[in-house]
Amino acid sequence: MKEKKPKKIKKELTIEQKIKRRNFISFTVFGAFAASAFGGWKWLYNSPEEVTGITGGARAPLRRALNKTELFFRRLAFNESHLVKTYPRSMAAKVIRHNTDIGSEGKLPPEKWKLQVKKRSGEVLQISLDEIMALPKTEITYDFKCVEGWDQIQHWAGVKFIDFIEHFKLHDEAKLDYVGMETPDKQYYVGIDMPSALHPQTLLAYQMNDVLLNGNHGQPLRLIIPVKYGIKNLKRIGTITFSNTRPRDYWAEQGYDYYSGL
Ligand SMILES: Nc1nc2c(c(=O)[nH]1)N[C@H]1C(S)=C(S)[C@@H](COP(=O)(O)O)O[C@H]1N2
Ligand SMILES: [Mo]
């Protein structure tokens, strides 16, 4: 006769034991996550800093991630020749907001100004405001946005950067990856990726609300680049350069996003 195996009696856990067990499990799991997060953090902070200069001192892996998102947004922004929203002229502000004036303070005697364009050959073009104003004029009314959180619908006029490139036969230069612009005193400077520079709404602007720019807004010539935040809209352009490496950029050096696209 087979003996009946005594049924194993599952030891019932008391409520306290259950709680202890749960706590043990959750703390172990939490601990494992925390350890790996801490490991990841240590990895990040022990990883080399990117080469400073062009962009502020972000850890290299973070910068790699930023550069990847930059490429993603570039494609997103430009593959359908995306245009920034424009508004009826009547909606443009009469009293224009004004921000910092690094390298563009006061009034520059117009006769003392020429736009300097450094060509690949080494030749430097010296272009007067009259020559620029003789080119086809383009106007735009759009929402200007500053990273600090304000925006304003404004009306600007000037020559399209792409028309300027065509007129001065800067085709070899336009094949490079970046445009660099600096104020005459070199105090403020920006780097712009070529697709954004050649975007059909990018202007070298000399008028606001139909009058020539005043000292506050970048007289005599400024960059109006609606696909970018205000920081990239350099006031009082002195020199323009072209390169395959990123030109220096004032705010990127302070840690702001180099691309600064909208
Ligand atoms: N030369 C120069 N350009 C500049 C700046 C500056 O300080 N100096 N500030 C930038 C910033 S942060 C913004 S928001 C816009 C403001 O332009 P506005 O003063 O015409 O409103 O200019 C940009 N271009
Ligand atoms: Mo800004």
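No value in this document is a laboratory result; all are computed from the given coordinates. Computed from a predicted model, the values in this text were never measured in an experiment. For neighbour counting, all protein chains shown are included, and Cβ atoms are generated from backbone atoms with ideal geometry for every residue, glycine included.
What translational D, rounded to a whole number of µm²/s, comes out for the stretch 115-235 from Stokes-Einstein when the hydrodynamic radius is the Kirkwood one over Cα pairs, at 10 °C and 1.306 mPa s? Numbers along the way, then the final one.
Details: Rh = 14.7 Å.
Rounded to a whole number, D works out at 108 µm²/s.
Legend: residue pairs K175/K228; K107/K186; K137/K232; K112/K186; K94/K118, Cα-Cα distance threshold 24 Å; pairs beyond threshold, K94/K118. Taking the number of Cβ atoms within 10 Å of each Cβ as an exposure proxy, the fewest-first ranking of S90, S104 is S90, S104.
Protection proxy ranking of 139-151, 159-171, 198-210, 219-231, by the mean of other Cβ atoms within 10 Å over each peptide's residues and highest first, is 219-231, 198-210, 159-171, 139-151. Given +1 at the Cβ of Lys and Arg, -1 at the Cβ of Asp and Glu and no other charges, the dipole of the stretch 85-254 around its Cα centre is 80 debye to the nearest 20. Three principal axis extents of the stretch 86-172 based on alpha-carbon atoms, in descending order, are 42, 28, 25 Å. With the convex hull drawn around the C-alpha atoms of the stretch 155-194, the volume per residue stands at 105 Å³. Normalised by the number of residues in the stretch 85-254, the mean separation of alpha-carbon contacts (under 8 Å, six or more apart) gives a relative contact order of 28 percent. With the cut-off at 18 Å, report for the stretch 181-262 the share of all Cα pairs above it, as a whole percent. For the stretch 181-262, the fraction of Cα-Cα distances above 18 Å is 39 percent.
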